[in-house]
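Below: one structure, written as structure tokens.
Computed from the coordinates by the stated procedures, all read-outs in this text should not be read as laboratory data. Given the structure is predicted, the values throughout are model-derived calculations rather than measurements. Ideal geometry is used to build each Cβ from the backbone, glycine not excepted, and the neighbour counts take in all protein chains shown.
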Amino acid sequence: MTQRTVLDAPDISRAITRIAHEIIESNKGSDDLVLLGIPRRGVPLAHRLAEAIASISGQPETAAELAGSLDITMYRDDLRGGSYRAPEPTSIPAAGIDAKTVVLVDDVLFSGRTIRAALDALADVGRPAKVRLAVLVDRGHRDLPIRADHVGKNLPTSSSERVNVSLTEIDGDDSVSISGGRE
């Protein structure tokens, strides 16, 4: 199966920096901001974004206060189909999410079902003032009317192709590639 790289480590770094600037601009600063990564690869992306936002805002010591994780396993609509993974812990920053702007962070936006599950999980955690979505890759093909507010790369794909995201924290390197599809 052929695989082509569409983003390498410097591209991913630039995308994260750009998304961080967009989040700061849309939030009018970093006050009352919480980034929640969706496991697996959304969590390290949320932490990278938090570090970038804290650095850009001139408060690098606040990065840890901005990021957490939101496990959506039990909120997925495909549990009956046997697609199951072990739940991971949800980690909400100490200040909570009530009356904050929460940015959900994921690696790839595809059908929108993961984000729907994340919204359901978020409602059980608290009541944010606003919810936004940041993704490294938006590949299209929505099943639900969901769109990302902040996108690293719009990547038109066919439904038979697969977008593979690798992150150093999980996979040992940073890259985004496409595999599959018709030859």
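Under a Cβ-only charge scheme (Lys and Arg +1, Asp and Glu -1), can you give me the dipole magnitude of region 1-151 about the Cα centre, in debye to the nearest 20?
Values: 19 positive and 21 negative charges, 95 e Å.
For this selection, approximately 460 debye.
Given a cut-off of under 8 Å on Cα pairs at least six residues apart, what relative contact order in percent is computed for region 1-154? Before the final figure, lay out each step's value.
Values: 285 pairs, mean separation 36.8, N = 154.
It comes to 24 percent, rounded to a whole number.
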Fill in the blank from the handout: Once phi for every residue in region 141-148 is put through the Karplus expression 6.51 cos²θ - 1.76 cosθ + 1.60 (θ = phi - 60°), the whole-Hz ³J(HN,Hα) values, with Gly and Pro written as x, are 6, 5, 9, 10, x, 10, 9, 8
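Only helical DSSP H runs with n ≥ 4 go in: add -39500 (n - 2.57) per run for the chain, normalise by residue count and round the 222 nm mean residue ellipticity to 500 deg cm²/dmol.
Working: 5 runs with 55 residues, N = 183.
Taking each H run of at least 4 residues, the total per residue is -9000 deg cm²/dmol.
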Practice task
Show the residues, 5+ positions off or on another chain, whose built amide H is closer than 5 Å to the amide H of Val6.
Solution key: Val176, Ser177, Ile178
Exercise for the section: Report, ordered by chain and residue number, the lysines lying within cross-link reach of Lys28, taken as a straight Cα distance under 20 Å and ignoring same-chain residues fewer than 8 apart. Expected result: Lys100, Lys130
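Working out 0.36 nm times the residue gap between Ser179 and Ala99, then minus their Cα-Cα distance, what length gain in nm do you get to one decimal?
Numbers: separation 80, 0.36 × 80 = 28.80 nm, distance 4.12 nm.
Extra length available between Ser179 and Ala99 comes to 24.7 nm.
Tally the DSSP beta bridges in region 27-183 and give the antiparallel ones as a percent, rounded to 5.
Numbers: 7 of 27 bridges.
Here the share of antiparallel DSSP bridges comes out near 25 percent.
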Problem - Electrostatic dipole magnitude of region 67-183 [Cβ: Lys, Arg +1; Asp, Glu -1; Cα centre; debye, to 20] - result: 480 debye
Exercise for the section: In a Gaussian network model over the chain where Cα atoms closer than 10 Å are linked, find which of Asp71, Asp138, Asp173 has the largest mean-square fluctuation. Expected result: Asp173
Handout entry: Residue among Ser91, Gly152, Gly112 farthest towards the positive dipole end of the chain, charges placed on Cβ
Key = Gly112
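Give the residue list of trypsin sites (Lys or Arg not before Pro) in region 1-102 that are DSSP loop and have at most 15 other beta-carbon atoms within 10 angstrom.
Values: sites: Arg4, Arg14, Arg18, Lys28, Arg40, Arg41, Arg48, Arg76, Arg80, Arg85, Lys100; in loops: Lys28, Arg40, Arg41, Arg76, Arg85, Lys100.
Hits after loop and neighbour filter: Lys28, Arg85.
Only loop residues by DSSP count here, and only those with at most 14 other Cβ atoms within 10 Å; note down the chymotrypsin sites (Phe, Trp or Tyr not before Pro) in region 75-183 that meet that. Don't jump to the answer; show the numbers that get you there.
Details: sites: Tyr75, Tyr84, Phe110; in loops: Tyr84, Phe110.
Here the sparse-neighbourhood loop sites are Tyr84.
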Completion exercise
For region 1-78, whose charge dipole is built from +1 on Lys and Arg Cβ atoms and -1 on Asp and Glu Cβ atoms, the candidate among Thr2, Ser30, His47 with its Cα farthest towards the positive end is Thr2
Problem - Among Leu144, Leu66, Leu104: highest mean-square fluctuation, GNM of the chain, C-alpha pairs under 10 Å - result: Leu144
Problem - Volume per residue that the Cα convex hull of region 1-135 spans, once the total is divided by residue count, Å³ - result: 121 Å³
Practice task
Specify the residue with the greatest mean-square fluctuation among Ala86, Ala94, Ala134, computed from a Gaussian network of the chain linking alpha-carbon atoms under 10 Å apart.
Solution key: Ala86
Handout entry: Protection proxy ranking, peptides 158-164, 115-121, average beta carbon neighbours within 10 Å, highest first
Key = 115-121, 158-164
